[in-house]
1. Any idea what the dipole of the chain comes to, in debye rounded to 20, about its Cα centre with Lys/Arg Cβ at +1 and Asp/Glu Cβ at -1?
2. Could you pull the Cα extents of segment 101-250 along its three principal axes, largest to smallest, in whole Å?
3. Using the number of other C-beta atoms within 10 angstrom as an exposure proxy, rank 206, 169 with the fewest first.
4. Give me the percent relative contact order of the chain, please, defined on Cα pairs under 8 angstrom at least 6 residues apart.
5. Sorting 144, 117, 223, 32 on the 10 Å Cβ count, fewest up front, what's the list?
6. Could you calculate the FRET efficiency of residue 257 with residue 130 from 1/(1 + (r/R0)^6), where r is the beta carbon distance between them and R0 is 45 Å, rounded to 0.05?
7. Between residue 225 and residue 270, what length comes free when the chain is fully extended (0.36 nm per residue of separation minus the Cα-Cα distance, one decimal in nm)?
8. Using 32 Å as the Cα-Cα cut-off, could you pick out the over-long pairs in 32/223; 72/117; 147/223?
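All of the numbers you see were taken from the coordinates with simple rules; none came from a lab. Please read these numbers as outputs of a predicted model, since none were measured by experiment. No Cβ is skipped: glycine too gets one built from the backbone with ideal geometry, and neighbour counts run over all protein chains shown.
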Amino acid sequence: MVGDLPSRDAPAETPSKPDQLIVVSGLSGSGKTVALRTLEDLGYYCVDNLPAALMPAFVQAISQGPGGLQHKLAVGVDVRNRAENLNRLPQILAELAAADIGYRLVFLDTRDDALIKRYSETRRRHPLSIAGIGLAEAIAEERKLLKPMRAIADRVVDTSDLNVHQLRRLVITEMGLTAGAMTLLFESFAYRRGVPADADFVFDARCLPNPHWDAQLRPLSGKDAPVREWLQSRPEVAQYASDLLGFLTTWLPRFESDGRSYVTICLGCTGGRHRSVYLSEHLAEQFRQRYAQVLTYHREME
């Protein structure tokens, strides 16, 4: 669920401008790291756990130089901040607005039962957990501390039922960060762990020669030069990549003309580290010449 509060658009006599700063906040375990990594893939300069009091100085430092603020910025602010910094955040954001810095505050929320399950699965320690305070109490205290921030958020996103891929998709599309252009995600995966649930296209690379059987290449990945060179020297790999390029070049514009804003192309192999990674990177490089937003995600390497 995505909720909107009244926006701080520019006065009617001046056109609104895109946000230069995205502030990502929310409960621990709600997906802030995933959101920030996605923003980084989209070209944002990202800093996590920045003390809120330093935000104006951070923006000013990045803004110095000819032309002013050249980078889109994203900052993660959460309960690891001191309480006085969190309480001052509305004032800090008002100062940024007064300095003509367009910003958006996005708050990621999650149900208690989903958070408890995530902490149980990852065995991570909640940042507020201390001796004598259990996980449920820590989550309740965190909600209390972050309540004022949630109240002023421009977007509130409930991530309780979202997986990593769905959250990435939401950041890119539903939060309006791509200005209407279609975004492509090339994702590599291992068949032994299953096909990604959100795939639009799935291609099987297990028929291609496998660098895994070369002892020198086995520890490497499809992003490493020796593996790339090994695969590029195989004619069947070149033919496979060329066929995929031709197929996608023909049919992706049809999806774009149909109003699609996000397409996930998944490439799988046995281990998800060599052939599928190489093909994902190779195709992404080709399509970056045609589309403004082209991302890669290597599931088995994250």
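1. Values: 36 positive and 37 negative charges, 124 e Å.
Result for the chain is approximately 600 debye, rounded to the nearest 20.
2. Rounded to whole Å, the extents work out to 60, 41, 29 Å.
3. On the way: 206 12, 169 19.
In increasing order of surrounding Cβ atoms, one gets 206, 169.
4. Working: 474 pairs, mean separation 64.2, N = 302.
In percent, rounded to a whole number, it is 21.
5. Numbers: 144 10, 117 14, 223 17, 32 23.
Going from least to most buried by this count: 144, 117, 223, 32.
6. Numbers: r = 56 Å, r/R0 = 1.24.
Efficiency, from the Cβ-Cβ distance: 0.20.
7. On the way: separation 45, 0.36 × 45 = 16.20 nm, distance 2.02 nm.
Extending this stretch completely gives an extra 14.2 nm.
8. Details: 32/223 26 Å; 72/117 34 Å; 147/223 43 Å.
In this structure, 72/117; 147/223 exceed 32 Å between Cα atoms.
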